[in-house]
1. Which one, 148, 63, 245, is farthest towards the positive end of the dipole of the chain when Lys and Arg carry +1 and Asp and Glu -1 on their Cβ?
2. Relative to the first principal axis of the alpha-carbon coordinates of the chain, what is the inclination of helix 225-235, with its axis defined by its Cα atoms, in degrees from 0 to 90 and to the nearest 10?
3. So, with a 1.4 angstrom probe, what is the percent of accessible area on the chain that is carbon and sulfur?
4. Just want to confirm a number: the relative contact order over region 72-221, from Cα pairs under 8 angstrom separated by 6+ residues, in percent.
5. Could you give the dipole magnitude of region 255-360 about its Cα centre, charging the beta-carbon of Lys and Arg +1 and that of Asp and Glu -1, in debye to the nearest 20?
6. When only C-alpha pairs under 8 Å and at least 6 residues apart count, what is the relative contact order of region 121-181, in percent?
7. Against the longest alpha carbon principal axis of the chain, how many degrees, from 0 to 90 and to the nearest 10, is the axis of helix 88-99 turned?
8. Along the Cα-to-Cβ line of residue 418, 7 Å from the Cα, sits a label point; which residues in region 317-349 have backbone N less than 16 Å from it?
Amino acid sequence: MQSLLPHEIKRVSKVMARSLTLEEILSFQQMDLVAAAAAFDEEARLKYAAWLLIRADASQAFTLLEKCDEAAGDRVKLCMAAVLSRSPLETLKVIAKIYGFSVFELAAHEASQALADGNFGRARAILQQASGLHEPIPASVHKIVTEVIRQAEKRGECIKGLPLQIVEASLEHCAAEGDAYACYLLGRALATLNCAHLQPGQLVTAPNLRKAAALLLRSGDSGIPQAWLDLFRICSDYRSSVGNPTLARFCLEKAARQGLPEATRRLGAVVLREANHIVAMERGVALLFDAASKGDALAKILLKSLVLPVEGEESDVSAALQDVEHCAPLLAMRLRLAREFGLTKLEALSINPSNASRPWGLMVGKNHYISKISLSEPRAVPAVSSRALECIEAAASMFARDDSELVSMEGPLKARAQQQRRIFLRLGIDEDLVFARATSLQRDAIRIGTRWAQRQKSILDQALV
């Protein structure tokens, strides 16, 4: 069109405005030419005004329509009564009737274009205006309403002005068509779970837990990991109509397998709370470690509760261990492990770090040198810092020999203990700098998950909320 001679543009724009439908004009992106023709052609003026009204630009549309000459034709005469009423929707309905286009369809087109241009406010205003029509809502409008809600949730925008009935109907329609997001959003709202800043009452008229569970299950199967966690929330509530502990655990495991840190932390906490043997303890610690490595703060606190405290300033410890390393490198590494993982003296001197190393920390095996059976049982000690992980990796590499070779290098446990005492006495090192001191009750409480849960009830409740 730009290649036309200037004196031809006026004639072509008039022909285009009269010959093409409004839908065709929009699809060919020629509204600029229609706007130019509106300055001298009444029919172009009506179509351009209709476009302005659809875009919720009523003031400019009425200014344009007021220039129409009633003597110009029957179409203009039909429109003037609505113009005098100053009702944008009524005027738009009259023009739509004249030219036979669907206000809803064009509103969906323009709202979609507004979203594509990043103009959320205009898209919402277009749909808000079209919602006043008392006509069957087409699928295109349902889809764009759902997309507007999606953008509102993502951007923190409000959907005030969109009637609740249209919002719910659009979500219902899109959910029935298999839209995973619509299933998820509708499921959360029906379960009275907040959708970011949007309240459930802005999306649905009334809650329905059974329907919510079905929708969340469908959206979880469609690839939305968070749906499994939301389903866990409503199924784990024994007071609800969909309360089901077995299904709740299944949903939590599904969410954790999808890599959600919150779900992994919850599952780890549940496994630890129920653990009464070391295999379950290892699994629980591994899950919490995974969640903590992804930034979950509560998981980090739970892990720290499984590590016995060691006193002393880090600067003093570092200097002391450097002195020990000069004369006994293997002993120095055992002392570093004791400091980082909160090991008792007997644990630190008896373990084989190469066998005890785990991706999540240290597995202190059964200690046959302890006479009390309950205290000799193995325990899982997580790494609660990057330095602890580096320490166990270095120790595993250093002690990567079979037990007989290690014994020949270090001597039996008694010889190691004597060496440690002599070196500490000679260097003036306090054992409390590297070894954890704990009562039998304290050690027993972190060895079995069910007992640990009793002592950590407060933080455990927070982790499971």
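The values are calculated or read from the model by the stated rules, or taken from the named source; none is laboratory data. Because the structure is predicted, anything quoted here is derived from the model rather than measured. Neighbour counts are summed over all protein chains in view; Cβ atoms, including those assigned to glycine, are modelled from backbone coordinates with ideal geometry. Surface accessibility is based on the protein's heavy atoms, side chains included, excluding ligands, DNA and RNA. Shrake-Rupley method; radii C 1.70, N 1.55, O 1.52, S 1.80 Å.
1. So the residue we want is 245.
2. That helix lies at roughly 80 degrees to the long axis.
3. Working: 11520 of 22320 Å².
Within the chain, the accessible surface is 52 percent carbon and sulfur.
4. Details: 171 pairs, mean separation 23.7, N = 150.
Reported as a whole number, the value is 16 percent.
5. Numbers: 13 positive and 13 negative charges, 115 e Å.
Computed about the Cα centre, the dipole is about 560 debye.
6. Working: 35 pairs, mean separation 26.3, N = 61.
Across region 121-181, relative contact order equals 43 percent.
7. Tilt of helix 88-99: around 60 degrees.
8. none
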